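Peer 1: First, the structure itself, so that you have it in front of you.
The values are calculated or read from the model by the stated rules, or taken from the named source; none is laboratory data. All figures in this text were calculated on a predicted structure; none of them were measured in a lab. Glycine also receives a Cβ, built like all others from the backbone with ideal geometry; neighbour counts cover every protein chain displayed. Ligands, DNA and RNA are excluded from the accessible area calculation, which covers all protein heavy atoms including side chains. Shrake-Rupley method; radii C 1.70, N 1.55, O 1.52, S 1.80 Å.
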Amino acid sequence: MEGKHIETIIVGAGCAGMNCALELKRVGRPYLLLADYMGGRIFNDDEHHMNYGAVFFFGNYDNMLDSEKNIIQPTTDVLPKLTDGYCHGDPDNDDKEHAALSFTTLLDAPSLVRYMNFMNNEFLPHYKRFKDNCEVMEVRTALEKDPLISKLYHQTADEMIAERKFQGICDDLISMFAHACTGSRISTLSALDYLNCVQPLTLKLPSLERVLCIKRFDFDKEGMTERLREGAGEVVLGDGGTVTKVEKCAEGWCVTCENGDTYTADNLVMATPIDVTADLLRGIEGVPELKVRNASVLYGYLLECEPQPAFEKGIVHIFSDKTPIIYIAKRKEGMYEIFTEVEFEKSRKFDRYFKPGWKVIGSKYWPRALFTNPNWVNPNNLAPGLILAGDCNGLGMEPAAVSGVYAANKILGKTVD
């Protein structure tokens with residue numbers, strides 16, 4: 001099909017690209033999905049059921065959990081109960097730890113109550129409306145409609161924590177969880193991204209029951225590829241799907257792939273990581289230059305190992321943003337997943353956390369993992385027929401999925417902007 005003209009080309013097969021394609025597929029509209037591989041940051045090891053990129057989902061990931069789309073398949077609880085999670089706030093003393101629900105965090109009761117009341121009564125309702133709005137309008141327009149979400153978008157997390165007097169519980173638990181989700185410093189993470197990441201730690205008071213689940217999942221990349229090839233859709237992966245050039249042309253938009261194949265389309269949805277999109281679109285007349293937020297660096301590992309005594313208790317261990325390790329989670333007896341900000345295998349930094357004999361089963365390096373700061377807003381509509389999706393204005397699977405839904409709605413004439 002090289003050289004073919006099609007109504008819509010979607011570049012990138014992560015959460016945004018898949019959601020855009022599935023929305024178009026739902027109504028029988030033609031599209032061509034181009035990507036190096038299916039899944040984007042969902043980098044799944046089928047044998048060990050390990051995700052080296054997006055590791056878990058939250059209970060309000062509506063688009064990722066849509067039963068018709070069937071993008072991810074829930075598996076095990078990451079943290080069945082809060083007493084299974086341990087917090088390590090002292091970078092120099094691994095033995096100084098406390099459970100997520102413990103005497104230490106209960107002493108933070110005043111800040112805990114303020115935090116949970118804010119999450120339940122303000123943030124979660126506002127965030128749900130914001131996500132719904134982002135399906136039918138640009139992010140910048142949705143922000144204008146909600147002063148609270150707009151303020152959180154432009155604040156840093158530490159500014160928000162100080163202003164709302166959440167310091168105690170955030171220092172002892174919440175901020176370590178945010179660091180575990182992003183690998184980013186709390187001083188630079190936006191307040192909105194911070195609160196988005198820590199939603200599963202929202203509790204009902206006074207029961208201390210968690211409001212949202214946090215689960216691992218499987219992803220069937222072959223099955224998704226075949227589904228997206230059904231009907232009016234087409235998928236090209238590998239060198240033939242890796243876009244190396246984007247141009248404006250008489251037919252609308254033209255893309256060239258690594259193997260030399262070219263395609264044209266009326267609509268072009270850019271759902272690659274924002275730095276890749278910015279490079280591909282740079283210099284095209286009439287297209288604004290995109291702002292690329294700074295990115296965290298992540299290494300994901302799966303190990304056969306036995307933990308050192310300080311990490312034998314519980315299932316999950318999270319750390320302050322002053323350490324290069326992000327979190328440790330037990331998968332089963334003798335097998336752990338670990339995410340770090342620096343290389344741990346060749347440098348043998350694992351020796352601090354695991355007994356001699358540890359063995360790396362699999363790993364993945366993300367030089368630009370999550371784009372977290374500063375808090376710029378990029379337009380979704382870059383030019384007639386050119387739509388920006390993906391992690392351009394936020395982080396996480398569900399925000400990216402919402403951007404893909406917006407792109408499809410724009411093509412279908414369902415948006416209000």
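Peer 1: If we keep just the residues of region 380-411 that are outside any loop (DSSP other than H, G, I, E, B) and polar (S, T, N, Q), which is surrounded by the most Cβ atoms within 10 Å (Cβ to Cβ)? Even if it seems obvious, please write down each step before you answer.
Peer 2: In the first step, residues of region 380-411 are kept if they are outside any loop (DSSP other than H, G, I, E, B); the result is 381-383, 386-388, 397-411.
Cutting the leftovers down to polar (S, T, N, Q) gives us 381, 403, 409.
On the way: ASN381: 15, SER403: 30, ASN409: 18.
Taking the candidates together, the pick is SER403.
Peer 1: While we're here: Residues of region 328-378 being among the β-branched types (Val, Ile, Thr), closer than 30 Å to THR156 by Cβ and either open to solvent by 20 Å² or more (accessible area, probe 1.4 Å) or part of a loop (DSSP other than H, G, I, E, B) (or both), which ones? Working first, answer last.
Peer 2: Taking region 328-378 first, the residues among the β-branched types (Val, Ile, Thr) are 328, 338, 340, 342, 360-361, 372, 377.
With closer than 30 Å to THR156 by Cβ added as a condition, the list becomes 328, 338, 340, 342, 372, 377.
Once the filter is applied, which keeps residues that are among the β-branched types (Val, Ile, Thr), closer than 30 Å to THR156 by Cβ and either open to solvent by 20 Å² or more (accessible area, probe 1.4 Å) or part of a loop (DSSP other than H, G, I, E, B) (or both), region 328-378 yields VAL342, VAL377.
Peer 1: Among the residues of region 4-39, how many are open to solvent by less than 20 Å² (accessible area, probe 1.4 Å) and either without any contact (Cβ under 8 Å) to a residue 60 or more places away in the chain or assigned to a helix (DSSP H, G or I) (or both)? First the steps, then the outcome.
Peer 2: Quick first cut of region 4-39, residues open to solvent by less than 20 Å² (accessible area, probe 1.4 Å) only: 6, 8-22, 24, 31-35, 38-39.
Okay, now just the ones that are also either without any contact (Cβ under 8 Å) to a residue 60 or more places away in the chain or assigned to a helix (DSSP H, G or I) (or both), so 15-22, 24.
Qualifying residue count, region 4-39: 9.
Peer 1: Going by the structure shown, is GLY53 touching a strand residue (DSSP E or B) at 6+ places or on another chain (Cβ under 9 Å), in a loop (DSSP other than H, G, I, E, B) and buried (at least 18 other Cβ atoms within 10 Å of the Cβ)? Step through it out loud before you land on a result.
Peer 2: On the way: touching a strand residue (DSSP E or B) at 6+ places or on another chain (Cβ under 9 Å): yes; in a loop (DSSP other than H, G, I, E, B): yes; buried (at least 18 other Cβ atoms within 10 Å of the Cβ): yes.
Considered against the rule, which asks whether it is touching a strand residue (DSSP E or B) at 6+ places or on another chain (Cβ under 9 Å), in a loop (DSSP other than H, G, I, E, B) and buried (at least 18 other Cβ atoms within 10 Å of the Cβ), GLY53 comes out as yes.
Peer 1: Between a first residue in region 80-104 that is free of Cβ contacts under 8 Å to residues at least 24 places away in the same chain and a second residue that is open to solvent by 50 Å² or more (accessible area, probe 1.4 Å), which pairs have beta carbons less than 6 Å apart while being 6 or more apart in sequence or on different chains?
Peer 2: none
Peer 1: Considering only region 292-314, how many residues are surrounded by 15 or more Cβ atoms within 10 Å (Cβ to Cβ) and either in a loop (DSSP other than H, G, I, E, B) or in contact (Cβ under 8 Å) with a residue 60 or more places away in the chain (or both)? Talk me through it step by step, then tell me what you get.
Peer 2: Let us first name the residues in region 292-314 that are surrounded by 15 or more Cβ atoms within 10 Å (Cβ to Cβ), namely 292-293, 295-303, 305-308, 310-311, 314.
Those still in the list that are either in a loop (DSSP other than H, G, I, E, B) or in contact (Cβ under 8 Å) with a residue 60 or more places away in the chain (or both) too: 292-293, 295-302, 305-306, 308, 310-311, 314.
So the answer is 16.
Peer 1: Moving on. Regarding ASP66, is this residue among the charged types (D, E, K, R) and under 30 Å from PHE354 (Cβ atoms)? Steps first, answer last, please.
Peer 2: Working: among the charged types (D, E, K, R): yes; under 30 Å from PHE354 (Cβ atoms): no.
For ASP66, the condition - among the charged types (D, E, K, R) and under 30 Å from PHE354 (Cβ atoms) - is not met.
Peer 1: Restricting attention to helices (runs of 4 or more DSSP H) lying wholly within region 80-196, give those where 3 or more residues are open to solvent by 60 Å² or more (accessible area, probe 1.4 Å) and charged (D, E, K, R). Walk me through how you get there before you give the answer.
Peer 2: Working: elements: 103-106, 109-118, 124-134, 139-145, 147-154, 157-164, 175-182.
Counting at least 3 such residues, we get 124-134, 139-145, 157-164.
Peer 1: State whether one or more residues within region 171-182 are among the acidic types (Asp, Glu) and modelled with pLDDT of 95 or more.
Peer 2: Taking region 171-182 and keeping what is among the acidic types (Asp, Glu), we get 171-172.
Applying the additional criterion that residues be modelled with pLDDT of 95 or more yields 171-172.
Checking region 171-182: at least one residue is among the acidic types (Asp, Glu) and modelled with pLDDT of 95 or more.
Peer 1: Hey, does region 61-76 have a residue that's open to solvent by 30 Å² or more (accessible area, probe 1.4 Å), touching a residue at least 60 places away in the same chain (Cβ under 8 Å) and under 28 Å from ASN378 (Cα atoms)?
Peer 2: yes
Peer 1: Is it the case that some residue within region 199-213 is within 17 Å of HIS88 (Cβ to Cβ), in a helix (DSSP H, G or I) and either of a type outside the set (D, E, K, R) or open to solvent by less than 10 Å² (accessible area, probe 1.4 Å) (or both)? Let's see the steps before the verdict.
Peer 2: Taking region 199-213 and keeping what is within 17 Å of HIS88 (Cβ to Cβ), we get 201.
Remaining after also requiring in a helix (DSSP H, G or I): 201.
Restricting the remaining residues to those that are either of a type outside the set (D, E, K, R) or open to solvent by less than 10 Å² (accessible area, probe 1.4 Å) (or both) gives 201.
Yes, region 199-213 contains at least one residue that is within 17 Å of HIS88 (Cβ to Cβ), in a helix (DSSP H, G or I) and either of a type outside the set (D, E, K, R) or open to solvent by less than 10 Å² (accessible area, probe 1.4 Å) (or both).
Peer 1: Starting from residues that are open to solvent by 10 Å² or more (accessible area, probe 1.4 Å) and of a type in the set (A, V, I, L, M, F, W, C), keep the ones in region 315-327 and report whichever is farthest from TYR365 (Cα to Cα).
Peer 2: ILE315
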